[in-house]
Amino acid sequence: MEKFVINGPTVLHGDVTIAGAKNVALKAIVTSLLTDDEIILHNMPHIRDVLLMLDVVKSLGAHVTIEGNTIRIQDGHTKDTIVPLEIGARLRTSSMVLGPMLSRYGNATIPNPGGCRIGARPIDRHIEGLKRMGATIDYDSKDGYFHAHAQHLHGAQISFLKNTHTGTETLILGAVLADGTTVLKNAAEEVEIDDLIALLTAMGANITRSGNREITIVGVPKLHGAQYTIMSDRNEEATFAIAALTTKGDITVHHSQRHNMKAFLEAFEKAGGVYKMIDDTTTEYFYDKPIQPVDIVTGSHPGFMTDWQAPWALLMTQATGVSTIHETVFENRFLYVEELRKMGANISYFDPNVEHPEAFYNFNWEDRIKGTHQGISITGPTKLHNAILSMNDLRAGATVVLAAMLAIGQSSIYGVEQIDRGYEQIDTRLAALGASIEWIEEDEIV
Ligand code: EPZ
């Protein structure tokens, strides 16, 4: 069993370089299936989910070479269009191979990605869109696979009922080689999608953001290889910025994405944090005065990202007063609350008053889980103390690690594989900022 042992309290200060964005890297790997030419991707993060996605494309015949943070992928010719259960079921985004496999080979068999700890996370919006483009997709509950076929995908007008980040990307990946033009309405606006569009454009695709929440893709007969440097990770940056403020420190972030983090920076300043624009890609985040409570409602871009709310909650435990977080994207994204409560945090759940929740929330209303809530209220400031903790999902993991840095005493945190999914070498990078953190392989307790 792997654990982090962390001693606190610590003040974090120094420089950190933000890694490549996980939520671009995973999809960039999928684009390699759209051409027989080689794709060369730079600034790729060394994280578990990237290695899993490489296993997915390798299981479909691709050849992969990793050279530091550069990954070269050449789509192989032995075309197997079945993603093995033991690989696909471990990575939700493996379902995104549907589009490329259907448009190039006419069929695909993928495991049901299933939910994860933060919610059911179905792919109904992805499936509906591909069906509109001519695919037949059936789910067989006996083998747990989606079985998809298409003579050839054709263009379609598709309007998403609700926002979907990877759903928008799945349909772009399916439309780039389809016959005719596809128009996606109510398309997601997360900037990571624009990075994927830039890569596909470099491969010869014809894609434009043609209007408000509208994307037009004109199918082309073939795509060619490309070299591309992916953007850095906004979620990592938000985590380090909050780390600076929460520990009363000072962290300078290189490869900064601040220009894509307006909602975060507004909240950060309202909470009393200071950020200094050193240059176009360098931002210094530091503590300047007592932290103020700031209420947050999460939303899709350009709103306050749901991925930022967990570390934000930790920051609010240090604010003088009461603040609230209203999570509107996922139905079960407060898994870190129990861990922070173990450390003394004063957090309670509540159900925000919403007139038409089935339309208001981004998740499918029928997926909500009995006994969960969409709001938390945080009263601070609280001096956190050490505890034995666990990491339940990626962003909750980062939050618990930061909390242990703040807490008085030594904490042990289990579930390191969760954080390793999305934060490159987080222990060495935090140690370089002054943290006392050790990654220990503990013998299985027999
Ligand atoms: C992407 O998830 C990101 N993951 C998430 O980051 C991010 O939090 C989310 O977008 C919102 O920005 C990747 O890009 C790999 P959605 P995604 O489709 O695409 C429901 C992280 O920590 N929904 O916009 O899955 C869904 O369950 C991760 O890096 C359906 O019901 O998010 C969710 O409640 C966490 N049916 C809501 O809609 C569908 O077909 C928004 O989902 C699709 C989505």
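Among (1) over 29 Å from Glu331 (Cα atoms); (2) buried (at least 19 other Cβ atoms within 10 Å of the Cβ), where does His63 come up short?
Only one criterion in (1) over 29 Å from Glu331 (Cα atoms); (2) buried (at least 19 other Cβ atoms within 10 Å of the Cβ) is unmet by His63, namely (2).
Inspect all residues belonging to segment 138-150 and state whether any of them is within 16 Å of the ligand (Cβ to nearest atom) and among the polar types (S, T, N, Q).
Checked against the condition, which is being within 16 Å of the ligand (Cβ to nearest atom) and among the polar types (S, T, N, Q), segment 138-150 yields no hits at all.
Among Asp179, Asp195, which is the only one that is touching a residue at least 60 places away in the same chain (Cβ under 8 Å) and of a type in the set (Asp, Glu)?
On the way: Asp179 fails: touching a residue at least 60 places away in the same chain (Cβ under 8 Å).
So the residue among Asp179, Asp195 that is touching a residue at least 60 places away in the same chain (Cβ under 8 Å) and of a type in the set (Asp, Glu) is Asp195.
Taking the condition within 25 Å of Glu237 (Cβ to Cβ) and buried (at least 24 other Cβ atoms within 10 Å of the Cβ), does Leu26 pass? It would help to see each step written out before you state the result.
Working: within 25 Å of Glu237 (Cβ to Cβ): yes; buried (at least 24 other Cβ atoms within 10 Å of the Cβ): yes.
Against the criterion (within 25 Å of Glu237 (Cβ to Cβ) and buried (at least 24 other Cβ atoms within 10 Å of the Cβ)), Leu26 qualifies.
Among residues belonging to segment 334-351 that are touching a residue at least 60 places away in the same chain (Cβ under 8 Å) and out of contact with any Ser or Thr (no Cβ under 6 Å at 6 or more places or on another chain), point out the one that is farthest from the ligand (Cβ to nearest atom).
Among residues in segment 334-351 that are touching a residue at least 60 places away in the same chain (Cβ under 8 Å) and out of contact with any Ser or Thr (no Cβ under 6 Å at 6 or more places or on another chain), the one farthest from the ligand (Cβ to nearest atom) is Met343.
Restricting the search to segment 329-366, which residues are under 23 Å from Thr379 (Cα atoms) and assigned to a helix (DSSP H, G or I)?
The answer is Val337, Glu338, Glu339, Leu340, Arg341, Lys342.
Would you confirm, using the coordinates I've provided, whether Glu366 is at pLDDT below 95, among the charged types (D, E, K, R) and within 16 Å of the ligand (Cβ to nearest atom)?
Numbers: at pLDDT below 95: yes; among the charged types (D, E, K, R): yes; within 16 Å of the ligand (Cβ to nearest atom): yes.
Spelling it out, Glu366 is indeed at pLDDT below 95, among the charged types (D, E, K, R) and within 16 Å of the ligand (Cβ to nearest atom).
Results for (1) assigned to a strand (DSSP E or B); (2) over 22 Å from the mean Cα position of the chain (by Cα); (3) under 29 Å from Ala21 (Cα atoms); (4) assigned by TED's automatic domain parsing to the domain that holds Val354, shown as yes or no for each residue.
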| residue | (1), (2), (3), (4) |
| --- | --- |
| Ser377 | yes, yes, no, yes |
| Leu389 | yes, yes, yes, yes |
| Arg395 | no, no, yes, yes |
| Val401 | no, no, yes, yes |
| Ala404 | no, yes, yes, yes |
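Within the group Thr317, Thr324, Thr281, Thr298, which residue is polar (S, T, N, Q), under 21 Å from Lys248 (Cα atoms) and at pLDDT 95 or above? Show your work before the answer.
Values: Thr324 fails: under 21 Å from Lys248 (Cα atoms); Thr281 fails: under 21 Å from Lys248 (Cα atoms); Thr298 fails: under 21 Å from Lys248 (Cα atoms).
Selected residue: Thr317, the only one of Thr317, Thr324, Thr281, Thr298 that is polar (S, T, N, Q), under 21 Å from Lys248 (Cα atoms) and at pLDDT 95 or above.
How many residues are touching a Lys or Arg at 6+ places or on another chain (Cβ under 9 Å) and outside any loop (DSSP other than H, G, I, E, B) if we restrict to segment 183-217?
Here the count works out to 14.
The values are calculated or read from the model by the stated rules, or taken from the named source; none is laboratory data. Predicted model, so just to flag it, every value in this text is computed and none were measured. Glycine gets a Cβ as well: all are built from the backbone with ideal geometry, and neighbour counts include every protein chain shown.
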